[in-house]
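Report on one structure; see the data block that follows.
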Amino acid sequence: MIDAETLKKLKPGTRVKVHEKQGFFEGIVLARKHGTEPGATFTVRAKLADIGVEKVYPIYSPNIKKLEILTTPKRRVRRAKLYYLRNLPEKKIRQKLGV
């Protein structure tokens, strides 16, 4: 379960580490949908073996043991959904987010 303080910090552009029952998944939050209602989700994208992988997590999922926020973007993110990051290389993503 994710606590309220972490939910406030969970925004697009944030690098997170999601601890699941089986291992963990680390990446950048691309989108957060539906606020805090029961069907709310967030999308995390990572590159594994040079292949982009995205996972969509329900916020109230019992499979999430812990959510760690690793870094927040240094620059202001001006979009609610960062789907354009899918087509950019890692270096450009770091420059855009100011990481």
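The values are calculated or read from the model by the stated rules, or taken from the named source; none is laboratory data. Keep in mind that this is a model prediction, so the values were computed, not measured. Every residue, glycine as well, gets a Cβ built from its backbone with ideal geometry; the counts of neighbours run over all protein chains shown.
Data table
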quantity: Some residue of the range 27-48 being part of a strand (DSSP E or B), modelled with pLDDT under 95 and loosely packed, with under 12 Cβ neighbours inside 10 Å; calculated: yes
quantity: Any hit, the range 71-80, residues being surrounded by 11 or more Cβ atoms within 10 Å (Cβ to Cβ) and in a strand (DSSP E or B); calculated: yes
quantity: Out of Lys55, Lys74, Lys65, sole residue that is in contact (Cβ under 8 Å) with a residue 12 or more places away in the chain and closer than 20 Å to Ala4 by Cα; calculated: Lys65
